[in-house]
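Some notes on the structure that comes next.
The values are calculated or read from the model by the stated rules, or taken from the named source; none is laboratory data. Source: prediction; values computed, not measured. Neighbour counts run over all protein chains shown; Cβ positions are idealised from the backbone, glycine included.
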Amino acid sequence: MFMKRILILLCAMALAGLARAEIYKYVDEDGSVVFTDQPPTDDAKPADLPGLSVIEASKPLSVPRPPGTAGKRGPGPAYPDLAIASPRPDENVRGTGNMLSLRLTSSEPLREGDKLMVYLDGREQGAFSGFAVDLKDIPRGEHQVSARIVGPDGQEQASAGPVTFYMRQHSQLFQNQPLRTPTPLTNSGGG
């Protein structure tokens, strides 16, 4: 118990020393004002600085949901701002190995029992449980992607898209080809 008290006393003394650290102000040879915690000369005196302005951060207002209602349906549209964030309209998708990273945004998380249905060129790609989906093996060229959220009863809750994008990948003929260095032009004649 005695050792614990001594340890606490030593920690308190160390912290008190740090709390009383002095700030010195001087002008260097270039005319710049310098603030430092190290005295520039032996006879330097600490600067008289104004106190710190401290502003307490306010806590954001949160509207608590009634117990047991998280992820459940309420009145009004379920996903009023569902949107496709990626790809952007008319985006050229390059260097992804023919994969599209589809990202949707919504102020509401996907609710329990709802599924995200994704469509590429009008064909269903599957049902997903999140707003981030990677679609693989998309051929080169122009495509459209869209999405809808359906409830457990199969009713559409929201939709987004279509968004047109262009898959611009390397040709199958030129994959894994070494880079060629251009041949310099030479002057072959006199003259």
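From the residues in the stretch 126-137 that are under 20 Å from Gly154 (Cα atoms) and in a loop (DSSP other than H, G, I, E, B), which one is farthest from the chain's Cα centre (by Cα)?
Ser129
If I filter the stretch 146-162 for residues that are modelled with pLDDT of 85 or more, surrounded by 14 or more Cβ atoms within 10 Å (Cβ to Cβ), in contact with an Asp or Glu (Cβ under 8 Å, 6 or more places away or on another chain) and part of a loop (DSSP other than H, G, I, E, B), do I get at least one hit?
Yes - at least one qualifying residue is present in the stretch 146-162.
Here is a check on your reading of the model: is Ser58 farther than 26 Å from Lys136 by Cβ, at pLDDT below 75, out of contact with any Pro (no Cβ under 8 Å at 6 or more places or on another chain) and hydroxyl-bearing (Ser, Thr, Tyr)?
yes
Any residue at all in the stretch 26-33 that is modelled with pLDDT under 80 and not β-branched (Val, Ile, Thr)?
Within the stretch 26-33, not a single residue is modelled with pLDDT under 80 and not β-branched (Val, Ile, Thr).
Tell me whether the stretch 105-125 contains one or more residues that are basic (Lys, Arg), under 26 Å from Gln169 (Cα atoms) and within 23 Å of the chain's Cα centre (by Cα).
no
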